[in-house]
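Novice: Got a structure for you, questions after.
Values in this text are rule-based calculations from the coordinates and carry no lab data. Predicted model, so just to flag it, every value in this text is computed and none were measured. Glycine gets a Cβ as well: all are built from the backbone with ideal geometry, and neighbour counts include every protein chain shown.
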Amino acid sequence: MTFDPSNREVVEKMFQALIDDITSGKNEEQAGWRTCDEIGLSPAIRDVLLASRLLIENPESKVCINFKNYRIRQQLRDTFEVRVAQLEYLSEVQRDKNRIDKANEILDRIFELVRQSPKSWTNIIVLGCWEMLQTSGLPAVLDDVLKEGFSPESWIVDAVASCPKLALDLAQKWGKIEQFDDAIVFLDAQRIKLAEPISVPPLPNNDVIWSAPL
């Protein structure tokens with residue numbers, strides 16, 4: 001996509017509006033919207049940029065770069081490579097911040113819950129151990145894996161599937177909990193919503209679980 005000087009100046013202003021808003025803490029949905037008067041955008045150029053889908057317009061007649069559209073972003077990259085890179089970086093930083101804020105919110109609720117009811121700690125332990133095991137990469141010496149009768153592929157599948165049972169056994173050393181799903185039910189009852197729903201594969205038989213070289 002090529003830009004004449006007047007169009008390029010408008011797009012530069014729109015990029016700067018997005019960058020300023022995201023840097024100031026606005027989320028991606030709120031960032032970058034400006035009236036035509038604020039950026040000196042004439043009706044004629046506005047219509048051209050809207051028709052090309054490079055800009056989008058909201059019900060308040062404010063416009064913004066159509067940055068979430070992958071095709072438009074790739075077209076902009078040819079001329080505004082640095083600006084696109086800046087926005088992609090800032091967007092990723094904001095997403096990381098949102099994930100951290102969400103995690104802190106969940107932790108605060110869990111700490112308060114445990115303070116009020118210490119017995120609930122067992123449910124937190126089983127989920128924490130499960131998350132730790134499944135995200136650990138499940139390292140094992142290849143010779144040990146083969147010695148126990150696993151192929152490298154089956155080892156990963158069975159080891160991941162064994163994590164709920166292993167986490168449950170660890171948590172049972174701290175308190176009473178009958179099965180892994182009890183912890184999920186506990187979180188649901190407390191209306192604690194994790195960033196991603198908990199999904200576990202079918203549990204292997206005990207021979208597989210206890211022969212795994214964790």
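Novice: Please determine, in degrees from 0 to 90 and to the nearest 10, the orientation of helix 70-79 with respect to the longest principal axis defined by the Cα atoms of the chain, where the helix direction is its Cα long axis.
Specialist: 60 degrees
Novice: Dipole magnitude of the chain about its Cα centre, charges +1 at Lys/Arg Cβ and -1 at Asp/Glu Cβ only, in debye to the nearest 20?
Specialist: Using Cβ point charges on Lys, Arg, Asp and Glu, the chain gives about 380 debye.
Novice: Still on this structure, I have one more. Using the Cα centre as the reference, give the magnitude of the dipole from point charges on the C-beta atoms of region 7-48 (Lys, Arg: +1; Asp, Glu: -1; all else neutral), rounded to the nearest 20 debye.
Specialist: Rounded to the nearest 20 debye, it is 80 debye.
Novice: A further question on this structure: Run the numbers for Ser117 and Ile156: contour at 0.36 nm per residue of separation, minus the present Cα-Cα distance, in nm.
Specialist: Separation in residues times 0.36 nm, less the Cα-Cα distance, equals 10.4 nm.
Novice: Please build a GNM for the chain, connecting alpha carbons under 10 Å apart, and tell me which residue among Lys176, Lys68, Lys102 fluctuates the most.
Specialist: So, out of Lys176, Lys68, Lys102, the one fluctuating most is Lys68.
Novice: Continuing with this model, one more query. Kindly put Ile65, Ile125 in sequence by how many other C-beta atoms sit within 10 Å of each C-beta, fewest to most.
Specialist: Ile125, Ile65
Novice: If you count, for each residue, the other Cβ atoms within 10 Å and average over each peptide, how do 38-46, 157-165, 15-23 line up from highest to lowest?
Specialist: In descending order of packing, they fall as 157-165, 15-23, 38-46.
Novice: Using 0.36 nm per residue, how much length does the chain from Arg73 to Lys13 gain when fully extended, once their Cα-Cα distance is taken away?
Specialist: 20.0 nm
Novice: Helix 81-116: angle to the longest alpha-carbon principal axis of the chain, degrees 0 to 90, nearest 10?
Specialist: 40 degrees
Novice: Spelling out what I want: for every residue of region 32-47, take phi, set θ = phi - 60°, compute 6.51 cos²θ - 1.76 cosθ + 1.60 (Karplus), and round to whole Hz; glycine and proline get x.
Specialist: The phi angles translate into x, 7, 9, 6, 4, 5, 4, 10, x, 9, 6, x, 5, 5, 4, 5 Hz.
Novice: Turning to a different aspect of this structure: State the answer as a single residue: which of Asn58, Asn69, Val93 lies farthest towards the positive end of the charge dipole of region 5-93, with beta carbon charges of +1 for Lys and Arg and -1 for Asp and Glu, about the Cα centre.
Specialist: Result: Asn69, furthest along the dipole toward the positive end.
Novice: Given the Cα-Cα distance of Asn98 and Asp4 and 0.36 nm per residue of separation, how much length would full extension add, in nm?
Specialist: The span from Asn98 to Asp4 would gain 30.1 nm if fully extended.
Novice: Taking the Cα centroid of region 60-99 and of region 1-33, what is the distance between the two, rounded to the nearest whole Å?
Specialist: If we compute the Cα centre of each part, the gap is 9 Å.
Novice: Then there is this: Under the rule of -39500 (n - 2.57) per DSSP H run of 4 or more residues, summed and divided by the residues of the chain, what mean residue ellipticity at 222 nm is obtained, to the nearest 500 deg cm²/dmol?
Specialist: Per the formula, -20000 deg cm²/dmol.
Novice: Right, another one. Given the pairs Lys97/Lys119; Lys13/Lys97; Lys68/Lys165; Lys97/Lys176, which are separated by over 30 angstrom at their Cα positions?
Specialist: The answer is Lys97/Lys119; Lys68/Lys165; Lys97/Lys176.
Novice: Another question, if that's okay. Against the 2.2 N^0.38 Å scaling, with N counting residues, where does the chain land? I'd like the Cα-based Rg ratio to two decimal places.
Specialist: It is 1.53.
Novice: Then there's this: If each of Asp108 and Leu142 carries a label point 7 Å out from its Cα toward its Cβ, how far apart are those two points in nm?
Specialist: In this crude spin-label approximation the distance works out to 4.8 nm.
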